[in-house]
Amino acid sequence: MLVPLLLALFSSPLALAGEVILPSTLPNFAACVNEPLQFSCENTTAITNTCCSPTPGGLVLQTQFWDLRTGLESEGQLLPVDSWGIHGLWPDFCDGSFTQYCDLSRQFDPSPSPNTTNGLPNGTFIPPYTGPGVDTFILALGRLDLIDYMNKYWINQGAPNKDFWAHEFSKHATCTSTFDVKCFNNDKEHQDVINFFDAVIRAFSKFPTFDFLAVAGILPSNTTTYTLAQLQNAVKAQTGAIPYFGCTDRGTQLDEVWHFNHVLGTEQYGHFKPVDSTTPSTCNPTGIKYLERAPGSEREVRVIP
């Protein structure tokens, strides 16, 4: 593992006098400076430059999981202490509907789900990806900082983290116009993939769900239960909007949250304005369990001075 990692670090980025210079993966958004400012889903005129605002969607969901275990604890794949885990960044249409796997030339998901899409003619089959993992794309550009963060907060269940990352890019980013290949200079391969991962992390940092709940006295517990209103009000007090909460076990076990937003500017760098969920919660009104994680399934990932 060490040799490929070192090769990725020093063969692709430029190295001058022992200093590693990481190549840029920024899109070319210069033309967006002169575009009219308007929030997605609130615009009264059509978006002319689709690189400048998520189009034709505009309802952007930052989604998170509350998993109790990973199934790969013995391999060191652990969940972050005092934090929900990243799920993704999704581009819904303004009415809450969506498409998926929109560009099969950028299909890096080894296990597409669903494996057909009605966004293409006749339920087009999505072939599983068998090439190098998306982690190699990150390492090839020397982004050890990025892969370190993703391995701390973007955690898969029962399969390697890189498979989850590939799934989220292929299913969702390819349907987001601001990550289209045409929005990049394309002088480096997979700029769009790296830029998406950076954007997911940037959005995730805006919504520390664990903290939103904790400051309202809502903490993981194997004995205490909560109401849906308690959960919704705790988040609304911090963001101004009601998110979607998802529950398993017939609506009793909390495991997911989606933060809905309109965006001023691009999905990567724009201003997120939280709005109420368009999707009804799957949680019961009362008796919701926000369970503690399984022993040995967490690790401390925060920086300790």
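The values are calculated or read from the model by the stated rules, or taken from the named source; none is laboratory data. Since this is a predicted model, take the numbers as computed values, not measurements. We place every Cβ from the backbone using ideal geometry, glycine too, and count neighbours over all the protein chains shown.
For region 228-274, what are the residues that are over 22 Å from residue 217 (Cβ atoms), of a type in the set (A, V, I, L, M) and crowded, with 21+ Cβ neighbours inside 10 Å?
Of everything in region 228-274, just one residue is over 22 Å from residue 217 (Cβ atoms), of a type in the set (A, V, I, L, M) and crowded, with 21+ Cβ neighbours inside 10 Å, namely 263.
Counting only residues that are at pLDDT 95 or above, give me the strands (runs of 3 or more DSSP E) lying completely in region 1-116 with at least 2 of them.
59-65, 85-92
Under 8 Å between Cβ atoms, at least 6 apart or on separate chains: pull out the pairs that start in region 19-44 with a residue that is at positive phi and end on any residue that is loosely packed, with under 12 Cβ neighbours inside 10 Å.
Nothing qualifies.
Only one residue in 65, 108, 93, 98 is within 19 Å of residue 193 (Cβ to Cβ) and either of a type outside the set (D, E, K, R) or in contact (Cβ under 8 Å) with a residue 40 or more places away in the chain (or both). Which one?
108
Quick one: residue 137 ticks every box in (1) assigned to a loop (DSSP other than H, G, I, E, B); (2) surrounded by 17 or more Cβ atoms within 10 Å (Cβ to Cβ) bar one, so which box is it?
Every listed condition holds for residue 137 apart from (1).
Residue 178 - would you say it is more than 30 Å from residue 27 (Cα to Cα) and either of a type in the set (Val, Ile, Thr) or touching a His at 6+ places or on another chain (Cβ under 6 Å) (or both)?
When the stated conditions are applied, residue 178 does not pass them.
Filter region 145-188 down to residues that are closer than 15 Å to residue 109 by Cα and either in contact with a strand residue (DSSP E or B) (Cβ under 8 Å, 6 or more places away or on another chain) or part of a helix (DSSP H, G or I) (or both), then give me how many there are.
Counting residues in region 145-188 that are closer than 15 Å to residue 109 by Cα and either in contact with a strand residue (DSSP E or B) (Cβ under 8 Å, 6 or more places away or on another chain) or part of a helix (DSSP H, G or I) (or both) gives 15.
Does region 129-180 hold any residues that are under 16 Å from residue 103 (Cβ atoms) and of a type in the set (A, V, I, L, M), and which are they?
134, 166, 173
Scan region 160-190 for residues that are free of Cβ contacts under 8 Å to residues at least 24 places away in the same chain and surrounded by fewer than 20 Cβ atoms within 10 Å (Cβ to Cβ) and jot them down.
If the condition is that a residue be free of Cβ contacts under 8 Å to residues at least 24 places away in the same chain and surrounded by fewer than 20 Cβ atoms within 10 Å (Cβ to Cβ), then 186, 187 are the ones that fit.
Does region 52-68 hold any residues that are within 30 Å of residue 248 (Cβ to Cβ), of a type outside the set (S, T, N, Q) and touching a helix residue (DSSP H, G or I) at 6+ places or on another chain (Cβ under 6 Å), and which are they?
Answer for region 52-68, where residues must be within 30 Å of residue 248 (Cβ to Cβ), of a type outside the set (S, T, N, Q) and touching a helix residue (DSSP H, G or I) at 6+ places or on another chain (Cβ under 6 Å): just 54.
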